[in-house]
Every structure is written in structure tokens, then in C-alpha cells.
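Okay, structure first, notes after.
The values are calculated or read from the model by the stated rules, or taken from the named source; none is laboratory data. The model shown is predicted, which means the values in this text are computed figures rather than measured ones. Counting neighbours? That spans all protein chains shown, and the Cβs are built from the backbone with ideal geometry, glycine included. Please note that ligands, DNA and RNA were not included when accessible areas were found on the heavy atoms of the full protein model with its side chains. Shrake-Rupley method; radii C 1.70, N 1.55, O 1.52, S 1.80 Å.
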Amino acid sequence: MKCLAYWSNATKYLSKKDKIMKSLIQKYGSDEKLSRKSSAIEVLLRAIVGQQVSTKAADAIWARINKLCETITFENVTKQEDIELLSCGISKSKLTYIKNICHYIQDKEDDYFLKSEAKAIKAELLNIKGVGEWTYNMFAMFYLLEPDIFPIKDLGIIRSIENNYSIVNDIDKVKSLSDTWSPYKSVASWYLWRDLDGLSTNY
């Protein structure tokens, strides 16, 4: 696990900027929570599985894939038959996206992502069919550990903001709110997920 040097500063900053965020931080604690505990391929594939489904459904599907592959590696995923992966509950389109990511990542060590510039990684990933802004955001937060990522289209984040800030169906207000959390949007996002009990531990 990689320790986050910015977590303590982030919780102090957010507590000063936003009284609601302060209450969430006090509720769930200000100790570091976000850490890199998976490989690059595992974080990317987990994000693909989580696209446009509930956290509960994504966790169930991911558990089946983990059981099938034993360990999520390029070799263990690509040796599976299509029918076996589909039986875990993914759609045919997501199976294609998983294959696309495996093709992209097959000759890359995890250090490749950590040594490259974030902008270059983002451009490469968004060029893969099946990887959109949300999927990249998950990778940036949970693998690259970027501090200022806000997945504005995440349904869990939107629900938590509705619950805590009473902002409903107003994406402009959501964006304005998130801008007040910069440069620690990732930390604010974590607490919003935590309050919704939607933060998966599988990343």
C-alpha cells in the first residue's frame, strides 16, 4: 500500500472550506483511507465491471471473476474462455472492453503507469474502446492516487450530494460545489461514497 501524504492536509482543508464535509470527516474519521492495494489491470477491470451497475451488483460480479481467475493478472484473465467470463454476469460489450484493456496492458508493467505523466496515461486510456471518463477517474483515484479527481457522472456521488447538500438535478451546482473542494476532490469524493456506504473495497 502506498501512503497518501496529502490525506491529512486534505481533511483539514476540506473541514475549513465546507461545514457539511467537515461533519462527514468527523463522522468517519480523518485517518488515511484511500490506498493503492491492487494492480493496474485489476483496478481497470474492476472499473469496467462497475460501469452503469449498482455497487452491490458490481461487487457480486467481481467476486465471481476473482473466483474464476484466482488472481487478477493478464495471463489469468486472458486464458479464460469467453463463456466462462460471461457466466460471471458481465455483458458481451463489457467482455469486449475487458479484452481491449488486456490487449493494451499486456506488455506494460505497473511501473509504467506510475512513471508516466498523468495526461499521457489519460489520453492512452481514453483511446481504448470501453474506457470513458468515469472509468479513467476510477483508475486515477484508486491506482494513480490523484488527489483532485471528481467523477461527476457517478450515480453514488450524485445521490450522496442530494442527501447531504439537497442539490437535485442540477449538474452546474454539483460542479460548482466540487470546485470548492479543489485541490482535494478525490478525498471529498471518498467521503461522499463512504456516507452512501457505496465505496467498494475491491479496488
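Kindly check whether there is at least one residue in the range 26-36 that is out of contact with any Ser or Thr (no Cβ under 9 Å at 6 or more places or on another chain), surrounded by 18 or more Cβ atoms within 10 Å (Cβ to Cβ) and assigned to a helix (DSSP H, G or I). For the range 26-36, residues out of contact with any Ser or Thr (no Cβ under 9 Å at 6 or more places or on another chain), surrounded by 18 or more Cβ atoms within 10 Å (Cβ to Cβ) and assigned to a helix (DSSP H, G or I): absent. LEU144 passes every criterion in (1) within 18 Å of the chain's Cα centre (by Cα); (2) open to solvent by less than 70 Å² (accessible area, probe 1.4 Å); (3) within 24 Å of ASP197 (Cβ to Cβ) apart from (3). Among the residues of the range 153-180, those identified as in a loop (DSSP other than H, G, I, E, B), open to solvent by 50 Å² or more (accessible area, probe 1.4 Å) and β-branched (Val, Ile, Thr) are VAL168, THR180. On the given criteria, is TRP134 in contact (Cβ under 8 Å) with a residue 60 or more places away in the chain, buried (at least 20 other Cβ atoms within 10 Å of the Cβ) and of a type in the set (Phe, Trp, Tyr)? Here the answer is no, as TRP134 does not meet what is asked. The set of residues in the range 49-81 being touching a residue at least 24 places away in the same chain (Cβ under 8 Å), of a type in the set (S, T, N, Q) and open to solvent by less than 40 Å² (accessible area, probe 1.4 Å) consists of GLN51 alone.
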